[in-house]
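The values are calculated or read from the model by the stated rules, or taken from the named source; none is laboratory data. Treat the numbers as computed from the prediction; the structure is a model and nothing was measured. Glycine gets a Cβ as well: all are built from the backbone with ideal geometry, and neighbour counts include every protein chain shown. Side chains included, ligands, DNA and RNA excluded: accessible areas come from the protein's heavy atoms. Shrake-Rupley method; radii C 1.70, N 1.55, O 1.52, S 1.80 Å.
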Amino acid sequence: MLSTQSNFTDPDAAYRLIVEAHRGLSDEQSAALDAALVLLLANHIGDADVLHAAIELAKRRLSDSQTKGT
Amino acid sequence: MRHPVVIVGAGPVGLSLAIDLAQRGQRVVLLDDADRIGDGSRAICFSKRSLELWDRLGVAGRMIDKGVVWKVGKIFSGPELLYQFDLLPEDGHKMPAFINLQQYYAESYLVDRVLQLPDIDLRWRNKVVALAQRNDHAELTIDTPDGNYTLRADYVVACDGARSGLRGMVGADFSGETFEDQFLIADVKMTAAFPTERWFWFDPPFHGGQSALLHKQPDDVWRIDLQLGPDADAALERLPENVRPRIARMLGHDDFEFEWISVYKFQCRRMQRFLHERVIFAGDAAHQVSPFGARGANSGLEDAENLAWKLAMILRGDAPAGLLASYEIERGLAADDNIRASTRSTNFIAPHSRQERRLRQAVLALAKEADFAKRMVNGGRLSVPSVYASPLSTVDADAWRTGPEPGAHMLDAPLQTASGEPVYLTEAFSAAGRGFVLLESANGAAVNVPDNVAHLRIGADAPLRDDAGLFAKRYDAAPGSAYLLRPDGYVAARFRHPAPQAIEAAMARASGRA
Ligand SMILES: Cc1cc2nc3c(=O)[nH]c(=O)nc-3n(C[C@H](O)[C@H](O)[C@H](O)COP(=O)(O)OP(=O)(O)OC[C@H]3O[C@@H](n4cnc5c(N)ncnc54)[C@H](O)[C@@H]3O)c2cc1C
């Protein structure tokens with residue numbers, strides 16, 4: 001089961017960590033970094049059903065926000 | 001005159017099927033539109049399972065003597081070795097993991113074997129140009145240099161390759177995916193000291209941004225594949241003067257000759273149904289894959305071994321015609337497996353989009369220190385036979401820790417005869433006859449088996465001994481346990497304590513009578 005409740009004791013710090021990893025990178029470098037991170041984290045989870053649920057959720061939210069023009 | 005079986009196409013699949021049928025006592029007419037076997041750069045890697053089939057057909061010895069035996073593959077990223085794999089890490093198998101052998105050698109040894117079998121009527125320069133389905137047979141119109149004639153057959157097996165004309169004649173589709181990338185395939189003659197390993201590169205220094213493959217064949221010929229990308233001009237790339245500098249960059253010298261050069265675009269596709277009334281499709285005619293993984297000819301040969309015994313039993317009246325449905329189920333699932341595996345490899349080698357390429361590059365970069373990423377690196381997953389989810393299999397009623405499950409193919413093991421002569425299990429299986437075989441771990445008195453089942457008994461005081469204990473290990477065998485093998489060497493059922501009625505019931509199921 002994909003867990004979507006808050007799992008970090010300090011969510012702001014976790015978000016910061018990801019954002020800061022991208023500081024100073026070109027879009028191309030950022031995309032490459034994200035690709036490596038996705039693979040590492042997906043393997044850490046190690047559960048294809050969870051991965052699948054995460055992809056579904058991410059795609060659904062993405063298409064919602066695009067159709068609403070936000 | 002009505003023929004029981006006419007096979008169209010004398011490629012590796014049609015030839016092997018004809019031999020298997022003839023060895024089962026079946027008369028066969030084998031037609032091919034060419035005047036001899038094919039040439040050019042086609043299959044080179046033949047799998048252990050294919051060799052086991054060919055051993056039963058009496059041709060594996062020549063293939064192995066001529067072929068280059070190998071089992072190790074190496075994957076490079078840029079100039080660095082990422083990892084290596086060993087396809088047969090254990091001993092005690094008669095056949096090697098793989099051999100490399102030019103397809104034309106394989107075909108010519110098969111033709112030699114065909115010519116030894118009076119039950120096969122091989123007719124070159126016989127091109128099937130029309131086909132009509134009748135109630136209980138099919139009628140073929142055949143074009144020859146001396147004019148046309150017709151042949152009637154109970155069953156026609158279409159082994160006429162990826163461009164199959166028979167597919168169109170039965171009105172069947174052939175759909176799937178065509179990959180945009182083009183690949184240069186060069187067979188190059190040179191003396192070189194590279195080891196007999198499969199070497200695959202992502203982004204090598206000599207061919208930036210693309211993939212490359214180097215693999216040894218007999219006669220000092222080397223197979224070289226170079227990815228060219230989607231935009232290459234095939235007509236220009238094929239010219240020897242353009243190929244030469246590419247290969248020289250790879251090898252670091254110019255001291256080689258070309259045997260053959262071609263540029264391919266690869267496809268993965270299959271027919272929805274392999275059975276069309278009296279016409280049965282097998283090999284590339286039924287399904288086509290990209291060559292990464294060597295799944296083309298090898299899977300076609302598995303089609304042939306799957307079909308031969310079923311057709312022979314039906315034609316002898318020992319099984320209902322409905323047994324053929326299991327051919328379509330089993331080999332259809334295998335085709336899906338092979339298409340899935342070779343599509344994944346091709347997509348990894350030739351990513352579709354920029355982001356797909358970034359993900360692929362991330363895998364390659366992480367693979368240097370992360371095991372999980374190493375296992376995602378996909379330069380071709382080499383052909384292994386599928387395990388059939390099949391209506392012919394009897395579901396296990398007992399507990400097994402290991403061993404081939406129902407629907408899986410038998411595993412080889414080194415045995416001894418009672419007088420101490422070494423014999424492999426696969427050899428004993430072939431020698432036992434051409435039908436079903438009960439493989440029993442002897443425990444006192446032999447179990448009763450039906451008349452039409454051959455019996456192999458293995459144990460200290462039995463006709464076959466397992467001195468090394470590898471049979472017991474590979475089959476999770478305990479005294480008294482038994483495997484019922486189909487005539488193609490796949491497991492139909494297994495029992496801890498075989499009872500005659502249970503064997504009988506499993507036989508009926510595996511013969512399409514249940
Ligand atoms: C570059 C490349 C590399 C490959 N490498 C490998 C590999 O390493 N391992 C592997 O397993 N596979 C490999 N393959 C795939 C392999 O070559 C094919 O899967 C294999 O040849 C299929 O055998 P087949 O008998 O089904 O068809 P084919 O070999 O195509 O034979 C079909 C025969 O039917 C005949 N025919 C056609 N139409 C008619 C007609 N109307 N009447 C009479 N006869 C007809 C043709 O003349 C031909 O002889 C490779 C393919 C390519 C292109």
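Here are B:341, B:408, B:321: which of them is within 27 Å of residue B:497 (Cβ to Cβ) and among the hydrophobic types (A, V, I, L, M, F, W, C)? Talk me through it step by step, then tell me what you get.
Numbers: B:341 fails: within 27 Å of residue B:497 (Cβ to Cβ); B:321 fails: within 27 Å of residue B:497 (Cβ to Cβ).
After ruling out the rest, the residue left standing is B:408.
One residue is enough: does segment B:309-330 have a residue meeting the conditions open to solvent by 30 Å² or more (accessible area, probe 1.4 Å), within 14 Å of chain A (Cβ to nearest Cβ) and assigned to a loop (DSSP other than H, G, I, E, B)?
Scanning segment B:309-330, I find no residue that is open to solvent by 30 Å² or more (accessible area, probe 1.4 Å), within 14 Å of chain A (Cβ to nearest Cβ) and assigned to a loop (DSSP other than H, G, I, E, B), so the answer is no.
Considering (1) within 20 Å of residue B:362 (Cβ to Cβ); (2) touching a helix residue (DSSP H, G or I) at 6+ places or on another chain (Cβ under 8 Å); (3) loosely packed, with under 11 Cβ neighbours inside 10 Å, say which one residue A:28 fails and leave the rest.
Answer for residue A:28: the failing condition is (2).
For residues that are surrounded by fewer than 21 Cβ atoms within 10 Å (Cβ to Cβ) and either more than 11 Å from the ligand (Cβ to nearest atom) or among the hydrophobic types (A, V, I, L, M, F, W, C) (or both), tally how many sit in segment B:40-53.
Counting residues in segment B:40-53 that are surrounded by fewer than 21 Cβ atoms within 10 Å (Cβ to Cβ) and either more than 11 Å from the ligand (Cβ to nearest atom) or among the hydrophobic types (A, V, I, L, M, F, W, C) (or both) gives 0.
Would you be able to tell me the number of residues in segment B:162-177 that are within 14 Å of the ligand (Cβ to nearest atom) and either among the β-branched types (Val, Ile, Thr) or surrounded by fewer than 20 Cβ atoms within 10 Å (Cβ to Cβ) (or both)? Explain how you work it out, then say what you get.
Residues of segment B:162-177 that are within 14 Å of the ligand (Cβ to nearest atom), as a first pass: B:162-170, B:174.
With either among the β-branched types (Val, Ile, Thr) or surrounded by fewer than 20 Cβ atoms within 10 Å (Cβ to Cβ) (or both) added as a condition, the list becomes B:162-163, B:165, B:168, B:170, B:174.
Of the residues in that region, 6 qualify.
Answer yes if at least one residue in segment B:69-91 is closer than 21 Å to residue B:42 by Cα, open to solvent by 50 Å² or more (accessible area, probe 1.4 Å) and β-branched (Val, Ile, Thr), and no otherwise.
Yes, the conditions are met somewhere in segment B:69-91.
Applying the selection to segment B:416-440, what residues are of a type in the set (A, V, I, L, M) and open to solvent by less than 30 Å² (accessible area, probe 1.4 Å)? First the steps, then the outcome.
We begin by selecting, within segment B:416-440, every residue of a type in the set (A, V, I, L, M); these are B:418, B:423, B:425, B:428, B:431-432, B:437-439.
Correct list: B:423, B:425, B:428, B:437, B:438, B:439.
Starting from residues that are open to solvent by 60 Å² or more (accessible area, probe 1.4 Å) and of a type in the set (D, E, K, R), keep the ones in segment B:337-355 and report whichever is nearest to the other protein chains (Cβ to nearest Cβ). Talk me through it step by step, then tell me what you get.
To start, the set of residues in segment B:337-355 that are open to solvent by 60 Å² or more (accessible area, probe 1.4 Å) comprises B:340, B:344, B:352, B:354-355.
Filter once more, so that each one left must be of a type in the set (D, E, K, R): B:340, B:344, B:354.
Details: B:340: 15, B:344: 15, B:354: 8 Å.
It comes out as B:354.
Condition check ((1) open to solvent by less than 50 Å² (accessible area, probe 1.4 Å); (2) in contact (Cβ under 8 Å) with a residue 60 or more places away in the chain; (3) touching a helix residue (DSSP H, G or I) at 6+ places or on another chain (Cβ under 7 Å)) across all residues:
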site: B:240; (1), (2), (3): no, no, no
site: B:248; (1), (2), (3): yes, no, no
site: B:251; (1), (2), (3): yes, yes, no
site: B:258; (1), (2), (3): no, yes, yes
site: B:264; (1), (2), (3): no, yes, no
site: B:272; (1), (2), (3): no, yes, no
site: B:277; (1), (2), (3): no, yes, no
site: B:283; (1), (2), (3): yes, yes, yes
site: B:297; (1), (2), (3): yes, yes, yes
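Just for segment B:139-149: of the residues that are assigned to a strand (DSSP E or B) and away from the ligand (no atom under 14 Å from the Cβ), which one is nearest to the chain's Cα centre (by Cα)? Outline the logic, then answer.
As a first pass, look at segment B:139-149 and keep what is assigned to a strand (DSSP E or B): B:139-144, B:147-149.
From what is left, the residues that are away from the ligand (no atom under 14 Å from the Cβ) are B:139, B:147.
On the way: B:139: 29, B:147: 36 Å.
Step by step, filter segment B:139-149, then rank; the result is B:139.
For segment B:357-375, indicate whether the set of residues that are closer than 25 Å to residue B:95 by Cβ, touching a strand residue (DSSP E or B) at 6+ places or on another chain (Cβ under 7 Å) and at pLDDT 95 or above is non-empty. Don't jump to the end; show me each part of the working.
From segment B:357-375, those closer than 25 Å to residue B:95 by Cβ are none; that's our starting set.
No, that holds for no residue.
Restricting attention to segment B:385-396, does a residue exist that is within 14 Å of chain A (Cβ to nearest Cβ) and either of a type in the set (Gly, Ala, Ser) or within 20 Å of the chain's Cα centre (by Cα) (or both)? Outline the logic, then answer.
Going through segment B:385-396, the residues within 14 Å of chain A (Cβ to nearest Cβ) turn out to be none.
No; the residues of segment B:385-396 include none that is within 14 Å of chain A (Cβ to nearest Cβ) and either of a type in the set (Gly, Ala, Ser) or within 20 Å of the chain's Cα centre (by Cα) (or both).
Filter segment B:125-138 for residues that are within 16 Å of the ligand (Cβ to nearest atom) and surrounded by fewer than 16 Cβ atoms within 10 Å (Cβ to Cβ) and give the result.
Keep residues of segment B:125-138 that are within 16 Å of the ligand (Cβ to nearest atom), which gives B:125-132, B:138.
Result: B:125, B:129, B:130, B:132.
Go through segment B:260-286 and count every residue that is more than 9 Å from the ligand (Cβ to nearest atom) and outside any loop (DSSP other than H, G, I, E, B). Full working, then the answer.
Of the residues in segment B:260-286, the ones more than 9 Å from the ligand (Cβ to nearest atom) are B:260-261, B:263, B:265, B:267-281.
In the following step, the residues that additionally are outside any loop (DSSP other than H, G, I, E, B) were identified as B:260-261, B:263, B:265, B:267-270, B:275-276, B:279-281.
Residues in segment B:260-286 being more than 9 Å from the ligand (Cβ to nearest atom) and outside any loop (DSSP other than H, G, I, E, B): 13 in total.
Does residue B:110 satisfy the condition of being part of a helix (DSSP H, G or I), touching a Leu at 6+ places or on another chain (Cβ under 6 Å), open to solvent by less than 50 Å² (accessible area, probe 1.4 Å) and within 13 Å of the ligand (Cβ to nearest atom)?
Details: part of a helix (DSSP H, G or I): yes; touching a Leu at 6+ places or on another chain (Cβ under 6 Å): yes; open to solvent by less than 50 Å² (accessible area, probe 1.4 Å): yes; within 13 Å of the ligand (Cβ to nearest atom): yes.
Yes; evaluated as a whole, the condition is true for this residue.
Could you please let me know if residue B:17 is at negative phi and either more than 7 Å from the ligand (Cβ to nearest atom) or free of Cβ contacts under 8 Å to residues at least 60 places away in the same chain (or both)?
Against the criterion (at negative phi and either more than 7 Å from the ligand (Cβ to nearest atom) or free of Cβ contacts under 8 Å to residues at least 60 places away in the same chain (or both)), residue B:17 qualifies.
Out of segment B:20-36, which residues are near the ligand (Cβ under 7 Å from one of its atoms) and assigned to a loop (DSSP other than H, G, I, E, B)?
Going residue by residue through segment B:20-36, those that are near the ligand (Cβ under 7 Å from one of its atoms) are B:31-34.
Within segment B:20-36, B:32, B:33, B:34 meet the criteria.
Is it the case, given these coordinates, that residue B:183 is within 30 Å of residue B:256 (Cα to Cα) and either within 14 Å of chain A (Cβ to nearest Cβ) or within 14 Å of the ligand (Cβ to nearest atom) (or both)? Explain how you work it out, then say what you get.
Details: within 30 Å of residue B:256 (Cα to Cα): yes; either within 14 Å of chain A (Cβ to nearest Cβ) or within 14 Å of the ligand (Cβ to nearest atom) (or both): yes.
Against the criterion (within 30 Å of residue B:256 (Cα to Cα) and either within 14 Å of chain A (Cβ to nearest Cβ) or within 14 Å of the ligand (Cβ to nearest atom) (or both)), residue B:183 qualifies.
Provide a single number: the residues in segment B:20-66 that are in contact (Cβ under 8 Å) with a residue 24 or more places away in the chain and over 16 Å from the mean Cα position of the chain (by Cα). Break it down into steps so the answer makes sense when it comes.
So in segment B:20-66, the residues in contact (Cβ under 8 Å) with a residue 24 or more places away in the chain come out as B:20-60, B:62-64, B:66.
Filter once more, keeping what is over 16 Å from the mean Cα position of the chain (by Cα): B:21-41, B:58, B:62, B:66.
Of the residues in that region, 24 qualify.
Residue check: is residue A:52 more than 14 Å from chain B (Cβ to nearest Cβ), touching a Ser or Thr at 6+ places or on another chain (Cβ under 7 Å) and within 28 Å of residue B:376 (Cα to Cα)?
Values: more than 14 Å from chain B (Cβ to nearest Cβ): yes; touching a Ser or Thr at 6+ places or on another chain (Cβ under 7 Å): no; within 28 Å of residue B:376 (Cα to Cα): yes.
In short, no.
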